[in-house]
1. Can you say whether ALA80 is surrounded by 15 or more Cβ atoms within 10 Å (Cβ to Cβ), at pLDDT 95 or above and over 17 Å from TYR18 (Cα atoms), as far as the supplied structure shows?
2. Can you find a residue in segment 41-51 that is exposed (fewer than 12 other Cβ atoms within 10 Å of the Cβ) and within 24 Å of HIS4 (Cβ to Cβ)?
3. Please determine, by comparing only the residues of segment 20-40 that are under 14 Å from the mean Cα position of the chain (by Cα), over 15 Å from ASP112 (Cα atoms) and of a type outside the set (A, V, I, L, M), which one is surrounded by the most Cβ atoms within 10 Å (Cβ to Cβ).
4. Quick check: anything in segment 3-19 surrounded by 12 or more Cβ atoms within 10 Å (Cβ to Cβ) and on the phi > 0 side of the Ramachandran plot?
5. Answer yes if at least one residue in segment 88-101 is farther than 20 Å from LEU19 by Cα, at pLDDT below 95, in contact with a Lys or Arg (Cβ under 6 Å, 6 or more places away or on another chain) and exposed (fewer than 12 other Cβ atoms within 10 Å of the Cβ), and no otherwise.
Amino acid sequence: MTPHLRLGRLGEDLAVQYLEQAGLVVLARNWRCREGELDVVATDRAQLVVCEIKTRSSTDYGTPTEAVDDAKAARIRRAAWQWRQHYRLWHCPTRFDIVSVLWPPGGRPKVDHLIGAF
């Protein structure tokens, strides 16, 4: 596994731990369909919560959150529709969050959770 992929996996694991500690129940990770991939699908027991996880080692090329542009958000929305259809939950209210992990080499990770990001 490349260092870049390894950092992404570690960041995703940390983000899931953060979400579970915040009371969310993770229903799926890395769910794939023709529209793309959903990093995390969870519930807060009131609604479906689709989380895009972005991990970076620095902000040299922008913050992790800035990596989710309008086109990426649209792909995530379409993939979430596919997920809801697959599980016959198209009626569920859905929120879209971003969990940003900034993890500098040799440093401590910083997790930010942007609720209702798009």
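The values are calculated or read from the model by the stated rules, or taken from the named source; none is laboratory data. A quick note: this is a predicted structure, and the numbers were derived from the prediction, not measured. All Cβ positions, glycine included, derive from the backbone under ideal geometry; neighbour counts span all protein chains shown.
1. Values: surrounded by 15 or more Cβ atoms within 10 Å (Cβ to Cβ): yes; at pLDDT 95 or above: yes; over 17 Å from TYR18 (Cα atoms): yes.
For ALA80, the condition - surrounded by 15 or more Cβ atoms within 10 Å (Cβ to Cβ), at pLDDT 95 or above and over 17 Å from TYR18 (Cα atoms) - is met.
2. No, every residue in segment 41-51 fails to be exposed (fewer than 12 other Cβ atoms within 10 Å of the Cβ) and within 24 Å of HIS4 (Cβ to Cβ).
3. Per the stated criteria, the residue is ASP39.
4. no
5. Yes, because at least one residue in segment 88-101 is farther than 20 Å from LEU19 by Cα, at pLDDT below 95, in contact with a Lys or Arg (Cβ under 6 Å, 6 or more places away or on another chain) and exposed (fewer than 12 other Cβ atoms within 10 Å of the Cβ).
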